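Visitor: This is the structure, below, for whatever I ask next.
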Amino acid sequence: MKALEKDRTRRYQTANAMAADLIRHLNNEPVAARPPSAAYRFQKAIRRNKLVFGAATAVVAALVAGIAISTWQTVQARKAQRETEAARNDERRLLMEAQAAKKKAQAQALAARRTAYSTDMNAVEQALKENISDVPACC
């Protein structure tokens with residue numbers, strides 16, 4: 001389009017300038033006929049250096065995959081750690097309940113022994129009272 005401009009000042013100055021622009025286009029370099037925007041220059045750089053940008057893309061993809069996998073593994077490890085801690089807490093709670101039940105059973109056994117002892121002592125006292133009345137007064 002630059003070669004067909006009606007305004008003489010906006011056309012190529014010489015045929016060599018047009019040929020140089022065509023060579024730049026074939027070499028994937030920015031051409032003078034087009035305004036050099038950042039996106040255009042970047043597009044041309046990618047086309048010129050496909051191997052470099054391909055390698056960089058592969059490295060970035062590997063890094064992103066590594067970060068994603070390590071993040072996933074971290075989440076899984078924390079989940080397992082929380083489950084382990086919950087199991088430990090349940091185990092501690094059950095142990096404390098068992099110890100409390102054991103103390104309660106020991107207290108009940110002691111109370112039962114005291115009651116049995118008291119009952120035995122009352123029976124002995126009753127037997128002594130009965131035997132004392134049967135004993136002759138001579139002694």
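The values are calculated or read from the model by the stated rules, or taken from the named source; none is laboratory data. These numbers were taken from a predicted model, which means no experiment stands behind them. Heads up, the Cβs are rebuilt from the backbone with ideal geometry, glycines too, and the neighbour counts pull from every protein chain shown.
Visitor: Condition first: of a type in the set (A, V, I, L, M, F, W, C), assigned to a helix (DSSP H, G or I) and modelled with pLDDT under 95. Can you find one or more residues in the range 83-93 that meet it? Let's see the steps before the verdict.
Guide: Taking the range 83-93 first, the residues of a type in the set (A, V, I, L, M, F, W, C) are 86-87.
This time we only want the ones that are assigned to a helix (DSSP H, G or I), so: 86-87.
Filter once more, so that each one left must be modelled with pLDDT under 95: none.
No.
Visitor: Also: ALA38 passes all but one of (1) over 20 Å from the mean Cα position of the chain (by Cα); (2) more than 30 Å from ASN16 (Cα to Cα); which number fails?
Guide: Only one criterion is unmet by ALA38, namely (2).
Visitor: Restrict the check to the range 76-91 and report whether at least one residue is surrounded by 10 or more Cβ atoms within 10 Å (Cβ to Cβ), of a type in the set (D, E, K, R) and within 30 Å of ALA17 (Cα to Cα).
Guide: No.
Visitor: Looking at THR84, THR57, which one is over 30 Å from ASN28 (Cα atoms), free of Cβ contacts under 8 Å to residues at least 12 places away in the same chain and of a type outside the set (A, V, I, L, M)?
Guide: Criteria check complete, one pass: THR84.
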